[in-house]
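> Right, I'll just put the structure down here and ask away after.
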Amino acid sequence: MSLVCAISNEVPEHPCVSPVSNQVFERRLIEKYIAENGTDPMNGQPLSEEQLVDIKVSHPIRPKAPSATSIPAILKSLQDEWDAVMLHSFTLRQQLQTTRQELSHALYQHDAACRVIARLTKEVTAAREALATLKPQAGLVAPQAVPASQPAAAGAGGEPMEISEQVGMTPEIIQKLQDKATILTTERKKRGKTVPEELVRAEDLSKYRQVASHAGLHSASVPGILALDLCPSDTSKVLTGGADKNVVVFDKNEEQIVATLKGHTKKVTSVIYHPSQSVVFSASPDNTIRVWSVTGGNCVQVVRAHEAGVTGLSLHATGDYLLSSSEDQYWAFSDIQTGRVLTKVTDESAGCALTCAQFHPDGLIFGTGTADSQIKIWDLKERTNVANFPGHSGPVTSIAFSENWILSGHRCPG
């Protein structure tokens, strides 16, 4: 039976066995390995030369040491180089095996981490969807989801539930506002300073004449239309708020009332038509903001953001948030999907009622009018007053923004 060295895979000239791994080695190879590493090459356990056990076999007599110039010396040099190559090759094989094991372990850990991340991402997405669809405290539904035959969620008195909880401006909301402002600002810069061709020229305004008059939209016993808005997606739809406490949606082409929305307990002073949904908003001195479904003809939410009459209403460019002002000296920013008040701010140093409110087209700033004849400009993200413009001689009743200008008006005494 022939013995084979575990390092060189050749028949050893001077075989020996390691008691640690019970493997046979060429003595000169294992001695070199022990001198460099001090361990058994097969299992890595400590091993010394004294522990090696020689195996007695028949072998040629060891030649005497040759001189450096002899052929045997050359052969010995080649043998030493071969031994070194065998040892290096064995070490590389061990390192390769170790690297493979480490790579396999790393790939397993990476796969496990990816599975955990995917599961957590799925859970976070599910939680966000559940939070987004979470109804307010009484289970209100979104305005567009209320069918005509189904009333809105009601409280004990049969009225839609009222939301007044202030939940704060989250980073997600602020980022949403910033993204929308960036888009609008970019579009505005693309337009440049050129006047759009569809705008009416000043000389043409003098030629305008009344083409129709529609009476009977509101109660004749309490006459007066106090607020008006057009549907941006269908300008034949006219929205009005009256002194008779009603909100009316009127189709001027068909010359008929689409919906009469009743619920306010005082006159309606502000109305807004949503640009992309069949939803309208109204505000009143009865301290409430109401969200109405035009299709259902009913009130789906009541937002109580103020302690006094609501004097102004403005819809953010995203179509998801309402700005309101009030005689209680506060302005409020509310989510129309949930009906919750996100933030509510006042200028304590002013100490006077707010009379109107309007967003800038980009949506990151807005203006409020005050009872002491000033226009206040606010930063929505920081909720701070950044500029004031005095000059009116009475309470400011309306504000309008162009992209670079502010237009305002006040009620003259008498």
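> What's the total number of residues in segment 1-12 that are at pLDDT below 85 and either in a strand (DSSP E or B) or open to solvent by less than 80 Å² (accessible area, probe 1.4 Å) (or both)?
Final tally of qualifying residues: 1.
> For residue 314, are the conditions met, namely being small (Gly, Ala, Ser) and in contact (Cβ under 8 Å) with a residue 40 or more places away in the chain?
Yes; evaluated as a whole, the condition is true for this residue.
> Select from segment 262-296 the residues that are among the small types (Gly, Ala, Ser) and assigned to a strand (DSSP E or B) and write down the one among them that is farthest from residue 358 (Cα to Cα).
In this case the residue turns out to be 293.
> Another question about this same structure. What number of residues within segment 376-414 satisfy the criterion of being assigned to a strand (DSSP E or B), modelled with pLDDT of 80 or more, over 31 Å from the mean Cα position of the chain (by Cα) and surrounded by 18 or more Cβ atoms within 10 Å (Cβ to Cβ)?
Adding up the residues that qualify gives 2.
> Could you say which residue among 299, 352 is assigned to a loop (DSSP other than H, G, I, E, B), hydrophobic (A, V, I, L, M, F, W, C) and open to solvent by 10 Å² or more (accessible area, probe 1.4 Å)?
Selected residue: 352, the only one of 299, 352 that is assigned to a loop (DSSP other than H, G, I, E, B), hydrophobic (A, V, I, L, M, F, W, C) and open to solvent by 10 Å² or more (accessible area, probe 1.4 Å).
> Identify, please: which residue in segment 39-48 is open to solvent by 80 Å² or more (accessible area, probe 1.4 Å) and not aliphatic (A, V, I, L, M) and is, among those, nearest to residue 95 (Cα to Cα)?
Looking at residues that are open to solvent by 80 Å² or more (accessible area, probe 1.4 Å) and not aliphatic (A, V, I, L, M), I get 45.
> In segment 376-392, which residues are under 25 Å from residue 182 (Cα atoms) and in contact with a strand residue (DSSP E or B) (Cβ under 6 Å, 6 or more places away or on another chain)?
Scanning segment 376-392 gives 376, 377, 378, 379, 383, 385, 386, 387, 388.
> I need the full set of residues from segment 13-38 which are among the acidic types (Asp, Glu) and open to solvent by 50 Å² or more (accessible area, probe 1.4 Å), in order please.
Hits for segment 13-38 are 13, 31, 36.
> Write out, first by first residue and then by second, each pair whose Cβ atoms fall under 7 Å of each other, whose residues are 6+ apart or on separate chains, and whose first residue, in segment 392-403, is on the phi < 0 side of the Ramachandran plot while the second is modelled with pLDDT under 80 and exposed (fewer than 14 other Cβ atoms within 10 Å of the Cβ).
Here the result reads 394/411; 394/412; 394/413; 395/411; 397/411; 400/407; 403/188, each pair linking segment 392-403 to a residue that is modelled with pLDDT under 80 and exposed (fewer than 14 other Cβ atoms within 10 Å of the Cβ).
> Same structure, new question: For segment 364-375, how many residues are within 29 Å of residue 276 (Cβ to Cβ) and crowded, with 20+ Cβ neighbours inside 10 Å?
Here the count works out to 5.
> Do we find a residue being over 35 Å from the mean Cα position of the chain (by Cα), at pLDDT 80 or above and surrounded by 13 or more Cβ atoms within 10 Å (Cβ to Cβ) anywhere in segment 204-223?
Yes, segment 204-223 contains at least one residue that is over 35 Å from the mean Cα position of the chain (by Cα), at pLDDT 80 or above and surrounded by 13 or more Cβ atoms within 10 Å (Cβ to Cβ).
> I'd like to verify a number: residues in segment 267-278 that are closer than 19 Å to residue 321 by Cα and surrounded by 24 or more Cβ atoms within 10 Å (Cβ to Cβ), how many?
Qualifying residue count, segment 267-278: 1.
> Would you pick out the residues in segment 49-77 that are surrounded by fewer than 11 Cβ atoms within 10 Å (Cβ to Cβ), modelled with pLDDT of 85 or more and assigned to a helix (DSSP H, G or I)?
50
> So, in segment 327-345, how many residues would count as being open to solvent by 30 Å² or more (accessible area, probe 1.4 Å) and either modelled with pLDDT of 85 or more or on the phi > 0 side of the Ramachandran plot (or both)?
Result for segment 327-345: 5.
> Considering each residue of segment 303-317, count those that are touching a helix residue (DSSP H, G or I) at 6+ places or on another chain (Cβ under 9 Å) and modelled with pLDDT under 90, and give that number.
Final tally of qualifying residues: 1.
The values are calculated or read from the model by the stated rules, or taken from the named source; none is laboratory data. Given the structure is predicted, the values throughout are model-derived calculations rather than measurements. Positions of Cβ are generated from backbone atoms using ideal geometry, with glycine treated the same way; all protein chains shown enter the neighbour counts. Just the protein is used for accessible areas: all its heavy atoms, side chains included, with ligands, DNA and RNA removed. Shrake-Rupley method; radii C 1.70, N 1.55, O 1.52, S 1.80 Å.
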